[in-house]
């Protein structure tokens with residue numbers, strides 16, 4: 001099976017603070033791929049570079065070197081009209097449902113924005129279909145974002161990302177700002193949509209439990225490098241890299257005794273890692 005998205009030896013750096021400060025290398029030779037209809041979970045702690053990968057794919061940060069191929073064509077370095085045209089196939093769901101929607105625009109206007117090529121009637125019908133697809137009532141089209149909960153707003157963001165049937169959606173921590181019950185609702189919705197449409201996800205998260213639930217495969221990033229890639233069940237239960245084992249040990253569990261044992265194991269791991 002040919003990959004839908006391929007990232008090869010990607011390097012991204014940002015200017016340092018101060019006129020003469022050296023550039024900070026954020027991504028150091030990252031390579032990964034996502035197949036059609038697949039979810040690749042990209043997991044790492046804050047500052048690991050996982051969000052920068054998504055932003056590089058979306059053309060939101062410049063690439064120093066390496067290649068990004070989507071649908072068989074190079075997309076790193078695309079700008080202007082060619083980058084905008086790519087939005088029909090490549091979309092994003094951002095982390096914060098409270099800031100990703102324009103508070104002054106109705107939900108219907110927000111969802112209709114990517115549908116400018118359709119007539120007014122066809123656009124209204126498509127908006128109604130999108131709202132039904134994410135299990136929101138039809139009258140939501142006439143309401144403002146402030147009238148909805150965080151989970152409902154994120155469902156609107158999902159509907160907007162799916163408005164023109166993209167092939168790949170970059171999901172950048174899409175449930176981290178939501179409570180646990182709402183997280184599950186949104187994750188179930190993403191899985192349902194994938195099953196129906198065959199869309200691919202690059203699912204960026206710091207939460208191994210969420211990634212295990214969502215992903216077919218997992219790539220683990222640490223200090224700008226991919227340190228482990230494999231089947232989601234294997235990577236999230238029997239990781240081979242010390243950093244992944246550390247993430248697993250640090251993840252919370254419901255059982256108090258198990259959490260205490262895991263915390264002690266993580267502290268031993270952190271202590272031995274600091275000595276190396």
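The values are calculated or read from the model by the stated rules, or taken from the named source; none is laboratory data. This is a predicted model, so every value here is computed, not measured. Here Cβ is always computed from backbone atoms with ideal geometry, including for glycine, and neighbour counts include all displayed protein chains.
Note on the stretch 76-94: residues that are under 20 Å from the mean Cα position of the chain (by Cα) and either crowded, with 20+ Cβ neighbours inside 10 Å or not in a loop (DSSP other than H, G, I, E, B) (or both) amount to 7. Residue 177 fulfils the conditions (1) under 16 Å from residue 214 (Cβ atoms); (2) in the same structural domain as residue 41 (by TED's automatic domain parsing); (3) crowded, with 16+ Cβ neighbours inside 10 Å except for a single criterion, (1). The number of residues in the stretch 56-75 that are in contact (Cβ under 8 Å) with a residue 40 or more places away in the chain and surrounded by 17 or more Cβ atoms within 10 Å (Cβ to Cβ) comes to 8. Within the stretch 229-242, the set of residues being within 21 Å of the chain's Cα centre (by Cα) and surrounded by fewer than 20 Cβ atoms within 10 Å (Cβ to Cβ) comprises 229, 230, 231, 233, 234. When restricted to residues that are in a strand (DSSP E or B) and without any contact (Cβ under 8 Å) to a residue 60 or more places away in the chain, the stretch 13-53 contains 4.
Among the numbered criteria (1) crowded, with 18+ Cβ neighbours inside 10 Å; (2) modelled with pLDDT under 95; (3) in the same structural domain as residue 46 (by TED's automatic domain parsing), which single criterion is violated by residue 201? The single condition residue 201 does not satisfy is (2). When residue 97 is tested against (1) outside the structural domain of residue 14 (by TED's automatic domain parsing); (2) free of Cβ contacts under 8 Å to residues at least 24 places away in the same chain; (3) touching a helix residue (DSSP H, G or I) at 6+ places or on another chain (Cβ under 8 Å), exactly one condition is not met: (2).
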